[in-house]
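Contents: one structure, followed by commentary.
The values are calculated or read from the model by the stated rules, or taken from the named source; none is laboratory data. Note that the structure is predicted; figures quoted are calculated from it, not measured. Here the Cβ positions follow ideal geometry from the backbone for every residue, glycine too, while neighbour counts run over all protein chains shown. The protein model used for the area step is the full one, side chains on, heavy atoms only, and it has no ligands, DNA or RNA in it. Shrake-Rupley method; radii C 1.70, N 1.55, O 1.52, S 1.80 Å.
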Amino acid sequence: MRWWDIRAVLALEKELFPQDAWSKGMFWSELTHSRGQGATRRYVVAEDAGGRLVGYAGLAAAGDQGDVQTIAVAEDHWGSGVGARLLTDLLEHASAFDCAEVLLEVRVDNVRAQKLYHRFGFEPIGFRRGYYQPGNVDALVMRLGKL
Ligand SMILES: CC(C)(COP(=O)(O)OP(=O)(O)OC[C@H]1O[C@@H](n2cnc3c(N)ncnc32)[C@H](O)[C@@H]1OP(=O)(O)O)[C@@H](O)C(=O)NCCC(=O)NCCS
């Protein structure tokens with residue numbers, strides 16, 4: 001993901017996370033840490049054959065821990081493996097960042113995403129109560145130990 005992708009990313013972000021969409025500034029800030037020596041972030045986009053941005057994902061590394069910050073695919077592309085490809089890319093970069101484990105939070109009611117993570121070997125390790133606002137929805141915390 002580069003700065004020129006942010007406009008298309010924000011459009012998808014608002015569609016897919018209407019209640020807690022990230023702002024332009026948040027993506028800019030993440031991208032600031034994604035390049036050059038000492039980079040701690042990996043942000044990637046997926047495009048269809050016509051060059052339309054249909055997905056994006058981001059990982060932050062801190063010490064030996066990676067965190068999946070975001071992953072999203074345009075609804076008309078769900079179920080065709082884009083999410084899996086984005087996650088594969090993040091996990092490859094987690095290894096390159098020397099992460100020993102990768103964690104993520106997912107809404108307890110987001111079964112589709114949980115299934116994707118489960119297929120990749122993520123296991124539930126706990127809950128964060130009321131993590132998602134508004135709505136006070138709990139987050140399931142999942143962890144992948146073997147990269
Ligand atoms: C969660 C999300 C990223 C998954 O993306 P996706 O592109 O649909 O993921 P995939 O296509 O890789 O996998 C989804 C399903 O498609 C199936 N699939 C994968 N490749 C396939 C292919 N080539 N042909 C047919 N089916 C396929 C998978 O088996 C999987 O099915 P399962 O969940 O029953 O196991 C997407 O639904 C999304 O953006 N949701 C809204 C935002 C969101 O919730 N993000 C996560 C926040 S924690």
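Of everything in region 21-53 that's in contact (Cβ under 8 Å) with a residue 40 or more places away in the chain and hydroxyl-bearing (Ser, Thr, Tyr), which residue is surrounded by the fewest Cβ atoms within 10 Å (Cβ to Cβ)?
Thr40
Can you pull out every residue in region 104-114 that is part of a helix (DSSP H, G or I) and near the ligand (Cβ under 7 Å from one of its atoms)? It would help to see each step written out before you state the result.
Going through region 104-114, the residues part of a helix (DSSP H, G or I) turn out to be 111-114.
Scanning region 104-114 gives Arg112, Ala113.
Within region 54-67, identify whether any single residue is in a helix (DSSP H, G or I) and open to solvent by 10 Å² or more (accessible area, probe 1.4 Å), and answer yes or no.
Looking only at region 54-67, we keep the residues that are in a helix (DSSP H, G or I), and these are none.
So far as region 54-67 goes, no, none of its residues is in a helix (DSSP H, G or I) and open to solvent by 10 Å² or more (accessible area, probe 1.4 Å).
Considering each residue of region 88-113, count those that are more than 19 Å from Phe27 (Cβ to Cβ), touching a strand residue (DSSP E or B) at 6+ places or on another chain (Cβ under 8 Å) and surrounded by 14 or more Cβ atoms within 10 Å (Cβ to Cβ), and give that number.
11
If you scan region 71-87, which residues turn out to be surrounded by fewer than 21 Cβ atoms within 10 Å (Cβ to Cβ), near the ligand (Cβ under 6 Å from one of its atoms) and outside any helix (DSSP H, G or I)?
The answer is Trp78, Gly79, Ser80, Gly81.
Might you let me know whether region 56-66 holds any residue that is in contact (Cβ under 8 Å) with a residue 12 or more places away in the chain and acidic (Asp, Glu)?
Initial filter on region 56-66 (in contact (Cβ under 8 Å) with a residue 12 or more places away in the chain): 56-62, 64-66.
Narrowing the set further to residues that are acidic (Asp, Glu) leaves 64.
Checked against the condition, which is being in contact (Cβ under 8 Å) with a residue 12 or more places away in the chain and acidic (Asp, Glu), region 56-66 yields at least one hit.
Residue by residue, here is whether (1) of a type in the set (Ser, Thr, Tyr); (2) out of contact with any Lys or Arg (no Cβ under 9 Å at 6 or more places or on another chain) holds:
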position: Leu12; (1), (2): no, yes
position: Gln19; (1), (2): no, yes
position: Trp22; (1), (2): no, yes
position: Glu30; (1), (2): no, no
position: Ser34; (1), (2): yes, no
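For region 125-147, which residues satisfy the criterion of being among the β-branched types (Val, Ile, Thr) and open to solvent by less than 40 Å² (accessible area, probe 1.4 Å)?
If the condition is that a residue be among the β-branched types (Val, Ile, Thr) and open to solvent by less than 40 Å² (accessible area, probe 1.4 Å), then Val137, Val141 are the ones that fit.
List the residue pairs whose Cβ atoms are under 8 Å apart, where the first residue sits in region 75-98 and is at pLDDT 95 or above, the second is within 6 Å of the ligand (Cβ to nearest atom) and among the charged types (D, E, K, R), and the two are 6 or more positions apart or on different chains.
Trp78/Arg112; Ala84/Arg119
Exactly one of (1) part of a helix (DSSP H, G or I); (2) farther than 23 Å from Leu12 by Cβ; (3) within 12 Å of the chain's Cα centre (by Cα) is unmet by Tyr117. Its number?
Unmet for Tyr117, out of (1) part of a helix (DSSP H, G or I); (2) farther than 23 Å from Leu12 by Cβ; (3) within 12 Å of the chain's Cα centre (by Cα): (2).
Do you know which residues across region 7-20 are open to solvent by 40 Å² or more (accessible area, probe 1.4 Å), within 12 Å of the ligand (Cβ to nearest atom) and of a type in the set (A, V, I, L, M, F, W, C)?
Leu16, Phe17 - these are the residues of region 7-20 that are open to solvent by 40 Å² or more (accessible area, probe 1.4 Å), within 12 Å of the ligand (Cβ to nearest atom) and of a type in the set (A, V, I, L, M, F, W, C).
Would you be able to say whether some residue in region 88-103 is under 13 Å from the mean Cα position of the chain (by Cα) and either within 11 Å of the ligand (Cβ to nearest atom) or in a loop (DSSP other than H, G, I, E, B) (or both)? Break it down into steps so the answer makes sense when it comes.
The initial filter retains those residues of region 88-103 that are under 13 Å from the mean Cα position of the chain (by Cα), namely 88-91, 93-94, 102-103.
Within this subset, residues satisfying the condition of being either within 11 Å of the ligand (Cβ to nearest atom) or in a loop (DSSP other than H, G, I, E, B) (or both) are 88.
Within region 88-103, one or more residues are under 13 Å from the mean Cα position of the chain (by Cα) and either within 11 Å of the ligand (Cβ to nearest atom) or in a loop (DSSP other than H, G, I, E, B) (or both).
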